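Note sheet for the following structure.
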Amino acid sequence: MKKLLVSLTLMMAVFASYAQATRDIEDINEDNSWLKLGLNLGVPMGDIGDYSSFAVGLDAAGQFMRTDNFGLGVATGYTQYFGKDGFENFGAIPLGLMLRYYPEPSGFFVGTDVGYTFLTGDIGGNGGFYIRPQVGYHNYDWNIFAFYNQVFTSDNAADIQTVGVAATYNIRFK
């Protein structure tokens, strides 16, 4: 819960810190909007680490740059968690809002995804609220970042916590 509060505080600080001209949704073009496709690798932590040894996933997101520094969009994907010691594999399908802050056109960025994750397989729940704070490097074509992902299920013992790295490629909307 402490990590959630820190992530939300960081997100609110980012929102409060930008004061620039904003774009309307009608202003979408290849310079300020793109489709992000990528891969992620993660290590399950906490209780779920007793059941899964590692995770591999695909990420997809549509992003619109609301200002030159602030992006928002929708994020989804699929992550496969591989069982260990006789436990079954299971999957996670997130659907959420993507928020990013880019201080410069190329370099460091911070962001988070928040939404709902649907779980597949025999994991002890159907899903739950998720948050995925991240920090990384970006340029016009690539994003490479580290992330922490937590899915809050109705059974606290089944919460899914993952630490990992990911890379996404930007395909510009035309």
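The values are calculated or read from the model by the stated rules, or taken from the named source; none is laboratory data. If you're wondering where the values come from, they're calculated on a predicted model, not measured in any experiment. Here the Cβ positions follow ideal geometry from the backbone for every residue, glycine too, while neighbour counts run over all protein chains shown. The protein model used for the area step is the full one, side chains on, heavy atoms only, and it has no ligands, DNA or RNA in it. Shrake-Rupley method; radii C 1.70, N 1.55, O 1.52, S 1.80 Å.
Scanning the stretch 119-135 for residues that are closer than 15 Å to N149 by Cβ and in a loop (DSSP other than H, G, I, E, B) gives a single hit, I123. Pairing each residue of the stretch 118-142 that is more than 25 Å from L35 (Cα to Cα) with any residue that is of a type in the set (D, E), provided the two are 6+ apart or on different chains, yields C-beta distances under 7 Å for G121/E88; D122/E88; G124/D155; G125/D155. Residues in the stretch 144-174 that are at pLDDT below 95, more than 19 Å from Y51 (Cβ to Cβ) and not basic (K, R): N170, I171, F173. Of the strands (runs of 3 or more DSSP E) entirely within the stretch 25-110, those holding at least 1 residues that are open to solvent by less than 70 Å² (accessible area, probe 1.4 Å) and touching a Pro at 6+ places or on another chain (Cβ under 9 Å) occupy 52-65, 70-83. Listed by first and then second residue, the pairs linking a residue in the stretch 25-46 that is of a type in the set (G, A, S) to a residue that is modelled with pLDDT under 85, with Cβ atoms under 8 Å apart and 6 or more places separating them unless they lie on different chains, are S33/M65; S33/R172; S33/F173. Which residues, counting only those in the stretch 125-165, are β-branched (V, I, T), farther than 21 Å from N89 by Cβ and surrounded by 18 or more Cβ atoms within 10 Å (Cβ to Cβ)? Answer for the stretch 125-165, where residues must be β-branched (V, I, T), farther than 21 Å from N89 by Cβ and surrounded by 18 or more Cβ atoms within 10 Å (Cβ to Cβ): just I131.
Of all residues in the stretch 113-124, exactly one satisfies the criterion of being surrounded by 15 or more Cβ atoms within 10 Å (Cβ to Cβ) and among the small types (G, A, S), namely G115.
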